[in-house]
Every structure is written in structure tokens, then in C-alpha cells.
Amino acid sequence: MDFLTEEQSAWRDTVHRVMEREIGREYVRHCDMEREYPYEAYAKIAKLGWLRLLIPEAQGGDGGTIFDYALMCEGLARYGFDFATAFMVSTFTAMNIVKFGNTQQREQYLQPFMRGDIRFSISISEPSAGSDAANTRTRAELAGNDWIIRGQKLWCSGAAAKNAIIAMLVRTDKEAQKHRGLSVLLVPNDSPGVDIRKLPTMARRATGTTEIFLDEARVPVHNLLGEAGDGWHIVTDHLELERIAVAAAYVGNAQQAVTDALKYAHERIQFERPIFEFQVIRHMLADMQTAVDAARLLVYRAADMASRGEPCTREVSMAKLFASETLQTVTRQGMQILGGHSMLPESDMERYFREGMQSTIGGGTSQIQRTIIAKSLRV
Ligand SMILES: Cc1cc2nc3c(=O)[nH]c(=O)nc-3n(C[C@H](O)[C@H](O)[C@H](O)COP(=O)(O)OP(=O)(O)OC[C@H]3O[C@@H](n4cnc5c(N)ncnc54)[C@H](O)[C@@H]3O)c2cc1C
């Protein structure tokens, strides 16, 4: 697996070291149990300058590659995918602003984002717009110098955190159908008329996912990102980055699940021997590690292609599909290996398992990834 360059290996090791020494699994577990946003860790990561990684140098960032970013996501998700989500969702919109924002928006948002003073959320989903993401009903109309927004958004991760700005997909042309007539508005979460409620979900407990009610919510006219009508193009532009990032994070979390299960199998004595000595357990662990290595290779291939600017829709979907299903499978097997102890929060496995259950849904379901891959298959 070690075909990374020296620099990439050093970067990967740095992220893992920071996670282990500066943040730690107890902190990640605590945030999950208490459903607390990881503010302290977010501030630490911002201070280290890691939020700058993908932002181009010309805009004050480090101009890193998607591969560098994937290595970071893999490490940040080591003790839980949800934890890494806090950083990932914020970066996707920052990159939208890099590409589609005007000079004023870049100046207004990018520096505060890199310092960790503001964060972003993405709000595409609605009660009637899930996999059919363009079925947007939330409307925005211009009234003088403001956009007035009416409707309801669903599953917006991180929107309830302090100083969050929501990149919200809204319909600005009521005559246009589906993908046309959509726009992205940057909606600060304390804007008048915005009511955000954190949902008591099984996973994503710390970063939190929310429903948002928009009752004549109001944002200034200059909060439109890009041009009116470009919304679909803008929100799909970051899909490649998003799916590589989440897939890398699933791999990071899945690897820790296997490592934890392996350690437990060596420590747990039953019938006067470590349970690792039972062939059924050894074989289960062999399959788990094989799946994680395969997922990592798919993620690195997709990240490498994306970093080179090569078309990689199919490879990205394969990585997202396989990594998410691997996280789900190895955490289920991990639960079995840990036996009764797996049920306790202290084991962390029940948390990894919950993350696994959402991984095949968020960011485009497994069924949608298979549909994308199938479209690319040629006789
Ligand atoms: C924890 C969590 C966090 C999330 N965070 C965000 C966020 O920050 N921002 C945001 O905008 N959204 C977010 N989402 C929403 C997420 O993107 C959607 O849940 C996802 O796109 C699926 O939509 P749905 O849940 O409505 O399922 P549906 O689309 O209703 O799908 C239900 C089932 O039908 C299947 N299905 C649907 N259409 C097809 C088809 N054409 N072919 C085959 N099968 C199909 C699906 O695969 C699934 O199995 C989040 C979701 C979760 C669970």
C-alpha cells in the first residue's frame, strides 16, 4: 500500500498523529454522546492551517491537491466519520466560492473560513427532493434589495453550528422545471425568518443534521452565488470532490474499526485462549482488512485521477460505493467480534456501525452510485 510519495506519507502521518495526540478518540466519542459540535477541534485544525489546504494560493490558501485532501479526510475520520464531516461540508462550499464567487464574496468569506471564524453547510435536500435532488420546491423571489425565501429544507448537516452560512439550493424561476431555474443563495443561519432544528438522527450526532423552515426568510441580493439559474451547475460541480472526500473518510473510519476489532480479538480470552485463535474470527478479520485495502486503493485511484484533472465520474462513484459498503460491512463484523461489549459507547464500534449505516445514504445512495457506474459500462 505504500506507493505514496515521501511528502504524502509524511502528511498522512502528521494527520494521524494530530488525531491521536491532540484530539483523541475520547473527545470524538464525547461529542457523539452529547450531540455536541466539535468546536474545540475545529479551532485546532483551523489554527494548524489545514482549512487552507485546497484553497488556491492566489486566494490565500495552500493550493493542495484533491489527493492531499483525501489523505487528510482519511485521517480526520479515523475515530468517526461524523467528526470529519464538520470539516468536509465546510470545504465543499468554500471551493464553490473559489470557483463561482465574485471578488467581493471571495474577500468576504474565504479568509474567515480559513481562520475558522465561519463555516459552511450545503442545503440541497428537501422533503420531496432526496435522490431526485433537483425536485426543489423552496422558492426565492427578489423584493427590492433582498431575496425572500419560502419553503423547507431537510438533512442540512452542520447548519445549526455557530457562525454557519448555508449554501442553499432554491428555485428562483418558478416557470422553469427541474434542473433549470435553480440558484444558490448564501444564507447565514441567523438570518431573519430562518428556523433551524437539529434532528435526533442515529448517526451524524455531533456535526448534526437539521431541518430548516424558511418563513419569508431574507438575505441581501448580493448573497447570490454565481448567476441566477446556475444553481444546479454549482451544486453538482463539487460532487467529485465531495464523493472522494467522504469515500476517503469511510476508509479511515473502516480501518480503525478493523484495528479495534483485531486488538480486541487478541485481548479477549474465552475457552482459555484469545478469540483470535478461532479460525472463524481470524478469517473474518482477514476479509475485513482485505476489503479496507481494496476500498483504499479505489479511493486513491479516484483521488489521483481527480488531482490530475482527468475525467473520473465512474471511478469516483466506484470509490464512494465500495468504501461506504465496506464501512458498513466491517463495522457489522466488528460488532460481532466484540460481542456484548460492542453495544457500549466505550467500545466505539456501535458508533462506527451507526456511521456505516448512514454512509450508503448520504452523498448519493449506493443505488444512485450503481446507476452512475452502469451508465459508463460499454460492450
Ligand atoms: C446523516 C445525513 C446527512 C445528510 N446531510 C445532507 C446535507 O448536508 N445536505 C443535503 O442537502 N443533504 C444531506 N443529506 C441527504 C442525503 O443526500 C439524502 O438522504 C440522499 O440523497 C437520499 O435521499 P432520501 O433520503 O430522500 O432517499 P430517497 O431518494 O427517497 O431514496 C429512498 C430509497 O430509494 C432508492 N432510490 C431512489 N431513487 C432511486 C433510483 N432512481 N434508482 C434506484 N433506487 C432509487 C434510494 O437509493 C434509497 O434506497 C443527508 C442525509 C443523511 C442521512
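The values are calculated or read from the model by the stated rules, or taken from the named source; none is laboratory data. Keep in mind that what you see is a predicted model, and the values were worked out from it rather than measured. Quick reminder, even Gly has a Cβ in these numbers, built from the backbone with ideal geometry, and neighbours come from all protein chains shown. What goes into the accessible areas is simple: the full protein's heavy atoms, side chains included, and nothing from ligands, DNA or RNA. Shrake-Rupley method; radii C 1.70, N 1.55, O 1.52, S 1.80 Å.
What are the residues in segment 84-115 that are of a type outside the set (Val, Ile, Thr) and within 16 Å of the ligand (Cβ to nearest atom), if any?
Ala84, Ala86, Phe87, Met88, Ser90, Phe92, Ala94, Met95, Asn96
With segment 8-120 as the region, which helices (runs of 4 or more DSSP H) entirely inside it contain at least 3 residues that are loosely packed, with under 14 Cβ neighbours inside 10 Å?
Filter on segment 8-120 gives 24-34, 39-47, 103-115.
Determine whether segment 271-284 contains at least one residue that is basic (Lys, Arg), in contact with a helix residue (DSSP H, G or I) (Cβ under 9 Å, 6 or more places away or on another chain) and crowded, with 17+ Cβ neighbours inside 10 Å.
no
Scan segment 131-139 and tell me whether some residue there is away from the ligand (no atom under 16 Å from the Cβ) and open to solvent by 20 Å² or more (accessible area, probe 1.4 Å).
yes
Going by the conditions given, is Ala249 in contact with an Asp or Glu (Cβ under 7 Å, 6 or more places away or on another chain) and of a type in the set (A, V, I, L, M)?
Judged against the criteria, Ala249 is a match.
Is there a residue being open to solvent by 60 Å² or more (accessible area, probe 1.4 Å) and among the aliphatic types (A, V, I, L, M) anywhere in segment 329-343?
Yes, segment 329-343 has at least one match.
Which of the residues spanning segment 192-250 are of a type in the set (D, E, K, R) and within 16 Å of the ligand (Cβ to nearest atom)?
Matches in segment 192-250: Arg197, Lys198, Arg204, Arg205, Glu211, Asp237, Glu240, Glu242, Arg243.
Within segment 346-376, can you find the residues that are open to solvent by 40 Å² or more (accessible area, probe 1.4 Å) and away from the ligand (no atom under 16 Å from the Cβ)?
Scanning segment 346-376 gives a single hit, Glu346.
Of the conditions (1) within 16 Å of the ligand (Cβ to nearest atom); (2) surrounded by 13 or more Cβ atoms within 10 Å (Cβ to Cβ); (3) part of a helix (DSSP H, G or I); (4) free of Cβ contacts under 8 Å to residues at least 24 places away in the same chain, Arg301 satisfies every one except a single condition; which number is it?
The one condition Arg301 does not meet is (1).
Considering only segment 141-163, how many residues are within 16 Å of the ligand (Cβ to nearest atom), farther than 23 Å from Asp82 by Cβ and either touching a Phe, Trp or Tyr at 6+ places or on another chain (Cβ under 8 Å) or open to solvent by 70 Å² or more (accessible area, probe 1.4 Å) (or both)?
1
I need a count of the residues in segment 178-223 that are of a type in the set (Gly, Ala, Ser) and either open to solvent by 60 Å² or more (accessible area, probe 1.4 Å) or touching a helix residue (DSSP H, G or I) at 6+ places or on another chain (Cβ under 6 Å) (or both).
The qualifying residues number 3.
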